[in-house]
Amino acid sequence: MKTLKIAIQKSGRLNEKSVDILSKCGLSFENYKSSLISPVQNFPLEILFLRDDDIPEYVQDGIADLGIVGENVIEETGADVTYLHRLGFGKCTLKIAVPNHSEINSLNDLEGKSIATSYPNILKKFLNKNQVQADVRVISGSVEISTNLGLSDAICDIVSTGGTLKSNGLKPFADVLSSEAILIAKNGIADENEQVQELLLRLRSVLRAKENKYVVMNTERSNIEAISNLLSGIKSPTIVPLAEEGWCAVHTVISEKDFWEKISKLRKAGAQGIVVLPVEKIIF
């Protein structure tokens, strides 16, 4: 059985969550800080710890079979890889920002201006799409200080919370690209590879669990129909008679996105003693 290789960020904002999600997939490995390779003890897989900028091209060239990397990095490198799954973490937006006192308020105002960025390829594509001619100046780090140093009229950089922009007297006004961590693969490898499909099964079960809560509630039997109509569970809610005559326990799974709305409706329908538990895996 061929041992797969998956590349993840050696250090930085995606490392911890990449390690965490692989661990929750039941993979046993050491998160080495001084080594580039960590073998998985209970699955035919090796984990490569790399610079995030290198991951897309390592996967494209087949040095790694799979990779976890930000969408912004994939788009910037232009690597020819397959997107297997969005992972829901590492979310950020590539934004254009200008000084608070700037008179630049629209994309048209950038015509003939200079923009500093570490993402020249993404920015140029965005500007071309919007028919704006601007001078793109490539800066490898600390992009946010370039306007204060007189190096550019605007910047284009990754924004998570906006705190860095605010502390440097900058205001964002245009979104260039929304990004999150993506599981990528070498083209063609996922189609018939059993190990890749098994890893995807585990990954999806973890991501589904993260989006749902396991809920148990008590109610009088006369309320069962009204409560069941509010629930779906995985297929339908599980109903278990209680020792007290005329009462039941209802077991179900509720999506995190509309959890409180559902809970409010369930209480009005007669649900009591509601217990909420985390879900570790949901496997279809």
Within region 133-178, restricting to residues that are at positive phi and out of contact with any Lys or Arg (no Cβ under 9 Å at 6 or more places or on another chain), the one that is modelled with the highest pLDDT is Gly169
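Every residue, every condition in (1) crowded, with 16+ Cβ neighbours inside 10 Å; (2) over 15 Å from Asp175 (Cα atoms); (3) of a type in the set (Lys, Arg), yes or no:
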site: Gly112; (1), (2), (3): no, yes, no
site: Phe126; (1), (2), (3): yes, no, no
site: Ala134; (1), (2), (3): yes, yes, no
site: Ile139; (1), (2), (3): yes, yes, no
site: Thr147; (1), (2), (3): yes, yes, no
Inside region 90-106, the number of residues satisfying the requirement of being surrounded by 17 or more Cβ atoms within 10 Å (Cβ to Cβ) and either in contact with a Lys or Arg (Cβ under 9 Å, 6 or more places away or on another chain) or not in a strand (DSSP E or B) (or both) is 6
| Do we have Leu207 as touching a residue at least 12 places away in the same chain (Cβ under 8 Å) and assigned to a helix (DSSP H, G or I) here? | yes
How many residues of region 136-145 are over 15 Å from Asn100 (Cβ atoms) and outside any strand (DSSP E or B)? The answer is 5
The condition of being closer than 20 Å to Arg204 by Cβ and either in a helix (DSSP H, G or I) or of a type outside the set (A, V, I, L, M, F, W, C) (or both) holds, among Ile55, Ile21, Ile8, Ile74, only for Ile21
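What number of residues within region 260-280 are part of a helix (DSSP H, G or I) and more than 19 Å from Asn223 (Cβ to Cβ)?
Residues of region 260-280 that are part of a helix (DSSP H, G or I), as a first pass: 260-268.
Those still in the list that are more than 19 Å from Asn223 (Cβ to Cβ) too: 260.
Of the residues in region 260-280, 1 are part of a helix (DSSP H, G or I) and more than 19 Å from Asn223 (Cβ to Cβ).
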When Asp80 is run through (1) more than 19 Å from the chain's Cα centre (by Cα); (2) part of a strand (DSSP E or B), the failure sits at (2)
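The values are calculated or read from the model by the stated rules, or taken from the named source; none is laboratory data. On a predicted model such as this, the values are computed, not experimentally measured, just so you know. With ideal geometry, Cβ positions are generated from the backbone for all residues, glycine too; neighbour counts draw on all protein chains shown.
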